[in-house]
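Everything on this sheet refers to the single structure shown next.
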Amino acid sequence: MRISCPYCGQRDVVEFTYQGDATVERPDPASIDQNAWNAFVYDRANPAGRHRELWQHSGGCRAHLVVERDTVNHVIHSVAFAGEKQSPKTASKRKSPSRRKAAS
Amino acid sequence: MSGRRIADRGRIDRNRTISFSFDGKRYSGHPGDTLASALLAQGVTLFGRSFKYHRPRGVLTAGIDEPNALVTVLRGKKRDANIPATQLEIYDGLVAESQNRFPSLAFDVGAANQPAGKVFSAGFYYKTFMGPVVGPLRGTRFWMFCEWFIRRAAGLGRADHEPETARYQRMNAYCDMLVVGSGPAGLAAARAAAEQGKRVIVTELDPVAGGSAKWSGETIAGKPAAEWAAGEAEALADMDNVRLLTRTHVWGYYDGNTLAALERVGDHQPVATPGAPHQRHWVIRADTVVLATGAFERPIVFPGNDRPGVMLAGAAQRYAAEFGVLPGKRIAIFTNNDTAYAAAAELASAGATIAAIVDTRQVISAGARELAERAGGELLLGQAVSATSGGKELSGITVQQLDPVTGSASGAKRSISVDCLAMSGGWSPAIHLASQAGAAPKWNDDLQAFLPPDPAQPWLGAGAFSGDTNTADALRNGRNAGLKAAGGRASRAQVAKVEAPTLDPFPAPVFEIRTADGKGKALVDHQLDVTAEDVRLAHREGFLSVEHLKRYTTLGMATDQGKTSNVPGLAIMAEARGISIPETGTTRFRPPFAPVALGALAAERTGDVSPDRLTPMHDWHIERGAEMMPAGLWHRPRIYALPGETLEQAYVREAKTVRAGVGMVDVSTLGKIAVQGPDAAEFLDRVYTNKFSTLPVGKARYGLMLREDGLVLDDGTTWRLGETDFLMTTTTAAAGKVMQHLECLLDVHWPGLKVALTSVSDQWAGAAISGPDSRRVLERVVKGTKVDNETLPFMGIVYGEFDGAPVMICRLSFSGELAYEVYCGAGHGTHVWEALMAAGEPFGILPYGMEALGTLRIEKGHVTGAEIDGRVTARDLYLDWMLSKKKPFVGSAMMDREGLADEERIRLVGLIALDGQPLGGGAHIVEDNSRAEPNESIGHVTAFCYSPVLAKYIALALVRGGKARHGQRAFVADPLRNRYGPVEIVSHHFFDPEGSRMHG
Amino acid sequence: MVERESPLGTAYKPGRHGNVADAAGVTLSETRPGSIVEIVAWPGTEKAALAAIKSVTGLALPDKPRAGVVKSGKAGLGFAPRRWLVIDDKEGLAAELKSAIGIETGAVNDLSHGRTVIRVAGPRAEWVLSKLFAVDFSVDAFPVSNGCSTSHHEIFAQIQRTGRNQFDVIVFRSFARAFFTTLCHAAEETGYDVA
């Protein structure tokens, strides 16, 4: 598997560290809602198909990325800096070879 | 030169002779020969013994698909086993031996298994070694008892137990297009893309590019095909944007269009080039891949089809055309398709006598008929070979009429005397890589073969791989694949003109010849001795699916992975089930396409695979005779033992020195993170359980971090160097984990905070100087600052200079003594360390190692990674005083959950051994001293030592209820080390609980 | 000032090694610059940080991923979002940069002791580095003065192409000896000089 880091370009997956589910929201720090915290820390869907995941380019620029990945076939649909997850327009526009359809 | 060597053809260099040995006997050959071609040229027919029945075997193929002729190459004491003789290039001094024979190849006692064939049929091991239900050999124990004998009798080559002497290397490569295979299709694809300026890598598993052009005898662009291919390959190799890798096979197709290839760099060389690897593991990332891997010819399944001298027609043709060797003098052809006629013509023109061409079909094409006339010999249509004769070499074949409906041979038997039978059962495209990369392959009824699946990754196919049946199509489709891969479109332009016979491209659907008497073994998988009858037996016993068939019979397993046997095996199963081959299905190919040495994957990562992480004072420690120990990747001094001292004597001496005078330990390994920015203090307040915004500049504070789930992550001191500038220290082991935790919080959850995190662990060398004399030592060496209690109070920071090197000193204590941590630039580490040692000399200063460090901290009850094991809470460690109630922090919402706040959790205590014996890490604490039955554990030892101040063996432990048990008696139970004994549970603050010494 | 000790120690063996049949494929050396400084900007202050770097060092760093600039005796490199390294023969650069880049613009860290710069120069530099790093070193993909952040197993590295056939590999000091040893081993095939 290769991930296209928006800063470094495409790199082998060994340079990255899986940092968990990107779909969970951290509750407000002052919140004492146990259910909200429990959901953030423990509750995880395990979808077969498209999933939003956090990956850190720990062996590269060290940025945290939101990677939209198909858990069934490892096709990566988009990569964006995690800090900019609110603005999807910053998602990597570069097409990775794995997205390009073979022309045969 | 024996009569088998042809005078005028092939790519061998007849001007040079190479000498080598096979099974201890000397032979000669020429550069360009494989072991197989060189031995065939000298009349050798017997290459090995088969897996189960020890049947004599010759060569079946001329390439990587070889199931029979596997040999072991000896290099000194090293044994490279299971190498196909058909792939092994000879070199001067090559020593090869045959496999799976005892005591010798020609006389093999295991061949006695042959009459016992019924016994060794499919599933033999499963059925036989089930063992009795009771008794000493019950269940699988019987198998374990028999295994040694079986493993000796059955099997492939034997590995050695010597350390690897050859080097392997890894190479990372990137290209616009990777072309796998350099036959006409691959060469055309590479040329087309390379001319567009694309970066192209071409791999060829043989030493010479050209694929089928090397032996087809066709003409391309007015030149003999082999010559055309050589010219194309040379032109490609001359282009800057092309890398042509010969002796390289691509064996794995992974996600992200990453492919793995193995280059045999030194396998063909008598002496390795200095520094060069034996084999090179290529990891190639390609934007597009062109698969032009050709096709493998299939044997026909009939009784006696494994006798030495029976080989594939394409292989026979190849030996003649490419290697200048006649595989026999009097040859018969047995085929279900036209391609074998070209082989017949080539063999005849090379000097062999074609005794007969036996074809299962009643009618053949005009092109085939013309080739048959050129080849000479009888043309026997609608007939089949139903038996072979001979011992270690073929002496004749039996031909009978073939019933086109039942597929059985019957009627009058005709014997034909031959020394070689060249057979062809059609061709199977080499779709292995496409299968790895994609979905299930597609059956093609015309070609009677599986064609590649639709691409799930960006690859294109060309040539025989994608079903092209002539060279002109291969050139056109190859060229177009290259153009498309280069981002262009297919071209209508002409390709180089090919002159070749016009043949019927489609084989007859004949896979197996059955005989009326059913006698003789008809081999499907030559490598694992799986017969047609084994496949039918699997069917009768209910192993119907291809996956079950494979596992029950071992069809398609082992080193050749069924390259010649898969489709015939499927065909026989399909027939038995009365369904079609595509309905039967096929197994998905997995990497590797061909065997890969583990050494190649490990590459240079052998021995101790972790890089040594060294502190700035490393060489000083070594010179001082320190015994080093690993701490993660770091190397740290464990003890500086005097001659004759035990470990315990050494650390006790070192620890005593600290308590009585002064000692020094290298703490450069501590994780150090610069936390800077306008929001740095706010950030620290959020990540630590206690407050840091209130910390004055020039002071340090002990801090505790929790994980999101409320358990303890790490502890350490953080120093405020400026209003917006903090230096955080972490434990050595947790440095990476803490950095990642903090980066995640900033990047993902608090991107609005202006905080920068920078690893400065390596910027600073650190020396902790501890003991009542430590201040006096500092005073002797430091310039530019005072270090008295007023200037440098507990947790204070000052800056100064040691002999010209700037230092930063913080008054911290891990030992409980008056102590300081002295930091300087790492490049000044040894300088500063030596300055401290010199200043401490009048006080008898000694360096101390990890054991003494641990002893001092256990006596003080300080926690480290041994206690912070990912399962403890701050309360478990009696650190709840550090949990701020005035602010939320990471983990604050989760730390009060019922299970985490329970008083009966295992909590930190001290232990004193009451029997005066050492305690062991990991030992359990129990309330009852009975050893007979396991007692309920109420906790465990996390760290232990001999305490010089108490003159007792002590330990830190996590024990149920913690403090509530102080003063109670319990027992350690350590069955692994057979250590049982009474202990007293006490406070973990063994020594100076008020901290008067470090504040003094 | 006290001279800075090299971390290479026993691994540093000047002279010709490996395959000595032909000219050395690469020359390996430690550049030992006077200053290695890391600069971090806040979101939105990138331009101000780059302007400050330019005013102090004269290095005009482009505001593009992985872009760098190489001048005689100094170099700058972007290696992560909003992060740059400045390497200079001159000592004491961190203090100068710190005063030019206030905390409102970003953070400055002196890593002169904490990083070691290994130079790999020669016609086989791409080949030798490709054994260790999964990065495309071809000059089209990795032009002169550009850089990257990557790792060889546990060893983190920042690499800048400082010439057509020259790369500066910046590693953590504590790993420098292990890395240099590995690099020498990888260069045996092409032959190498240690300078």
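So, in nm, how far is label residue B:785 from label residue B:987 when the simple model puts each one 7 Å beyond its Cα toward the Cβ?
Using points 7 Å along Cα→Cβ, the separation is 3.3 nm.
Over the Cα atoms of region B:291-361, what is the Rg over Rh ratio if Rh follows Kirkwood?
Numbers: Rg = 12.1 Å, Rh = 12.6 Å.
That ratio is 0.96, to two decimals.
Roughly how compact is region B:522-584, stated as its Cα Rg over 2.2 N^0.38 Å to two decimals?
Taking the Cα Rg and dividing by 2.2 N^0.38 Å, one obtains 0.96.
Report P(r) for region B:250-400: all Cα-Cα distances, bin width 10 Å, range 0 to the bin holding the largest distance, values in whole percent.
Pairs per bin, as whole percents: 10, 30, 23, 18, 17, 3, 0.
Would you mind computing the Rg to Rh ratio of region B:353-395 from its alpha-carbon coordinates, Kirkwood style for Rh?
Ratio of gyration radius to Kirkwood radius for region B:353-395: 1.06.
Show me the three semi-axes of the equivalent ellipsoid for region C:35-110, from the C-alpha gyration tensor (sqrt of 5 times each eigenvalue), largest first, rounded to whole Å.
After scaling each eigenvalue by five and taking roots: 16, 14, 10 Å.
Tell me the Kirkwood radius of chain B: reciprocal of the mean inverse pair distance over distinct alpha-carbon atoms, in Å. Please report the intermediate quantities before stating the final value.
Values: mean 1/r = 0.0294 Å⁻¹.
Averaging 1/r across every pair of different Cα atoms and inverting gives 34.1 Å.
Seen from all sides and averaged, what is the projected area of the convex hull of the Cα atoms in chain C, in nm²?
The directionally averaged projection comes out at 10.8 nm².
Provide, in order from the shortest bin, the percent of all Cα-Cα pairs of the protein assembly as shown in each 20 Å bin, continuing until the bin that contains the maximum pair distance.
Spelled out per bin, shortest first, that is 10, 31, 30, 21, 7, 0.
Taking every pair of alpha-carbon atoms in region B:902-992, what share in percent sits in each 5 Å bin, from 0 to the bin with the longest distance?
In whole percents, the pair-distance histogram is 3, 17, 29, 27, 16, 7, 2, 0.
Normalise the Debye intensity by I(0) for region B:671-759, one equal point scatterer per Cα, no solvent, then take log10 at q = 0.11, 0.12, 0.21 Å⁻¹ and round to two decimals.
Listed by q, the Debye log ratios stand at -0.25, -0.29, -0.99.
For region C:72-195, what relative contact order do you get, as a whole percent, if you take Cα pairs closer than 8 Å and at least 6 residues apart?
So the answer I get is 23 percent.
Over the Cα atoms of region B:18-111, what is the Rg over Rh ratio if Rh follows Kirkwood? Could you put the intermediate results ahead of the total?
Numbers: Rg = 12.3 Å, Rh = 13.1 Å.
Here Rg/Rh amounts to 0.94.
Under 16 Å from a label point 7 Å along Cα→Cβ of residue B:583: give me every residue in region B:544-565 with its amide N that close.
From region B:544-565, the list is B:544-546.
Give the distance, in whole Å, between the Cα centre of region B:911-952 and the Cα centre of region B:531-608.
Centre-to-centre distance over Cα atoms comes out at 56 Å.
Using Cα-Cα distances under 8 Å and only pairs 6 or more residues apart, what relative contact order does chain B have, in percent?
Numbers: 2418 pairs, mean separation 86.3, N = 1000.
Once divided by the residue count of chain B, the mean separation gives 9 percent.
Once region B:175-320 is represented by equal point scatterers at the alpha-carbon sites, with solvent omitted, what log10 I(q)/I(0) does the Debye formula produce at q = 0.13, 0.15 Å⁻¹?
Result of the Debye calculation: -0.67, -0.85.
With the contact rule set at Cα under 8 Å and sequence spacing of 6 or more, what percent relative contact order holds for region B:902-992? Spell out each step's value before the answer.
Details: 229 pairs, mean separation 35.8, N = 91.
It rounds to 39 percent for region B:902-992.
Helix by helix, which DSSP H runs in chain C go 15 Å or more along their axis at the Cα atoms and have an average Kyte-Doolittle hydropathy of -1.0 or more?
In chain C, the long hydrophobic H runs are C:46-57, C:176-187.
Hey, what's the per residue convex hull volume over the C-alpha atoms of region B:569-676, in cubic angstrom?
304 Å³
I'm checking a number: the convex hull volume of the Cα atoms of region B:412-469, normalised per residue, in Å³. What is it? Provide the component values of the computation, followed by the final result.
Numbers: hull volume 7.6 nm³, N = 58.
Output value, Cα hull per residue: 132 Å³.
Report the Cα centroid-to-centroid distance between region B:412-458 and region B:462-479 in angstrom, as an integer.
With region B:412-458 and region B:462-479 each reduced to a Cα centre, they are spaced 15 Å.
How big is region B:328-423 by Rg and Dmax over its Cα atoms, in Å?
When restricted to Cα atoms, region B:328-423 yields Rg and Dmax of 12.6, 37 Å.
Just so you know, all these numbers are worked out from the coordinates, no wet-lab data involved. Source: prediction; values computed, not measured. Glycine also receives a Cβ, built like all others from the backbone with ideal geometry; neighbour counts cover every protein chain displayed.
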